[in-house]
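Reviewing the structure listed below.
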Amino acid sequence: MKIIYIGSTIPFSGKGLITLGVGKYFLEKGLKLGYFKPLGKVPLRVKNNIITDRVAYFIYQSLGLKDDLSYLCPVILDYELTVKVLRGEIEELMSKVKKAFETISTGKDIVIIGGAETVWLGSFLGISGLEVINTLNAKVILVNKYVGEPFLDGITEVKKALKDKLCGIILNWVKEEQKRDIEELIVPWLEQKGILVLGLIPYDNLLNAITVAELSERLGGQVLSGHEGLNKFIQNYLIGGMEVSRFVEYIRRSIDPAVIVGGDRADIQLVAIEEGAKCLVLTGNFIPNEIILSKADQKNVPIVLVRDDTYTVAKKVQDISARLSLEGKEKVERGLALVQKHLNFKQLEQILE
């Protein structure tokens, strides 16, 4: 049986997409596949009142797996668990991880272990990625974004810790302006360390987009009008705190923008609707006038009302953008197509032998 751990040294690097792509590949080859995620952070209640991890459940469903859901994510890191560990009420959690692995792996040809945010998360629980890898004797594939020195330091430390268990790396979200440096500097540097580069997955605007409906939900907003446009994708954000003439210049250069603007700025709101904004996020709980609401309905531009001020909303949007989900048929299909095209599956199979 082959055991592969898909992890990262940097949070939100796209592990879910790679896990889905790799899992789909092995299923299509006729292998019996098991998948679980030892440590999750986004709890989700599913059938039979089981609490599991949202990302793990999405992957489980997308791959059509049938294993017992109670073992899909044996440990959820939340405030309650943290308090219990700090008080000494829970001494050991690795046994739960091992039990889940033993159950999931029964009768399987390959087991994919989904990593948490980073290979270090869970160290205080005794179930960090590094500890799980060594306990279950897994081979490791890292999925990372190239972010300069933190990337170089992280890879160096993980290689020291894992030695030959670290078999390969997939560089995700590679932007065009990074590609030359990555190919000419980073790839040779990694290979000198004995880390095989299995693929460079290009940055894709759609995969880094969010629907208006999802943005509204995460901001705790109220949709006032333009309900027909809730499934539109947002790729950029503009803050409408400037003069109208300057705002027009910016919005015409933006692709699929959401405009964050004070509810009292009817001038910016009207221009944003006319110039193709995907939605307006009105801050300060100011309800716009009827002309704005009517125009938004005509153009199918959702208006989302929030209580927070513009600065707070902008900060929330930044946090949301860092952890976008893969959910949604269009995103999944695009993501899987990219993985299929740019990941060297033959090399992956060779290093798992």
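The values are calculated or read from the model by the stated rules, or taken from the named source; none is laboratory data. Owing to the predicted nature of the structure, the values given are computational and were not obtained by experimental measurement. Cβ placement follows ideal geometry from the backbone for every residue including glycine, while neighbour counts extend to all protein chains displayed.
Observations on the model:
- Options GLU80, GLU89; residue that is free of Cβ contacts under 8 Å to residues at least 24 places away in the same chain, of a type outside the set (Phe, Trp, Tyr), more than 30 Å from ASN208 (Cβ to Cβ) and part of a loop (DSSP other than H, G, I, E, B): GLU89
- Pairs, first modelled with pLDDT under 95 in segment 99-120, second surrounded by fewer than 24 Cβ atoms within 10 Å (Cβ to Cβ) and basic (Lys, Arg), C-beta under 8 Å, six or more apart: GLU117/LYS41
- Here is the figure for segment 147-170: residues that are under 21 Å from the mean Cα position of the chain (by Cα), surrounded by 20 or more Cβ atoms within 10 Å (Cβ to Cβ) and not in a helix (DSSP H, G or I) total 3.
- Selection count, segment 243-258, where residues are surrounded by 15 or more Cβ atoms within 10 Å (Cβ to Cβ) and either aliphatic (A, V, I, L, M) or on the phi > 0 side of the Ramachandran plot (or both): 4
- Identity of the residue in segment 106-130, surrounded by 18 or more Cβ atoms within 10 Å (Cβ to Cβ) and part of a helix (DSSP H, G or I), that ends up farthest from the chain's Cα centre (by Cα): LEU125
- Residue under evaluation LYS341, criteria (1) outside any helix (DSSP H, G or I); (2) of a type in the set (D, E, K, R); (3) within 30 Å of ILE169 (Cβ to Cβ), criterion not met: (1)
- Pairing residues of segment 337-352 that are over 15 Å from TYR203 (Cβ atoms) and in contact (Cβ under 8 Å) with a residue 12 or more places away in the chain with residues that are surrounded by 13 or more Cβ atoms within 10 Å (Cβ to Cβ) and hydroxyl-bearing (Ser, Thr, Tyr), at Cβ distances under 6 Å and at least 6 apart in sequence or on separate chains, gives PHE345/TYR25.
- Answer residue from segment 2-34, given it is modelled with pLDDT of 95 or more and among the hydroxyl-bearing types (Ser, Thr, Tyr) and is surrounded by the fewest Cβ atoms within 10 Å (Cβ to Cβ) among those: TYR25
- Residue check for ASP297: surrounded by 14 or more Cβ atoms within 10 Å (Cβ to Cβ) and modelled with pLDDT of 95 or more: yes
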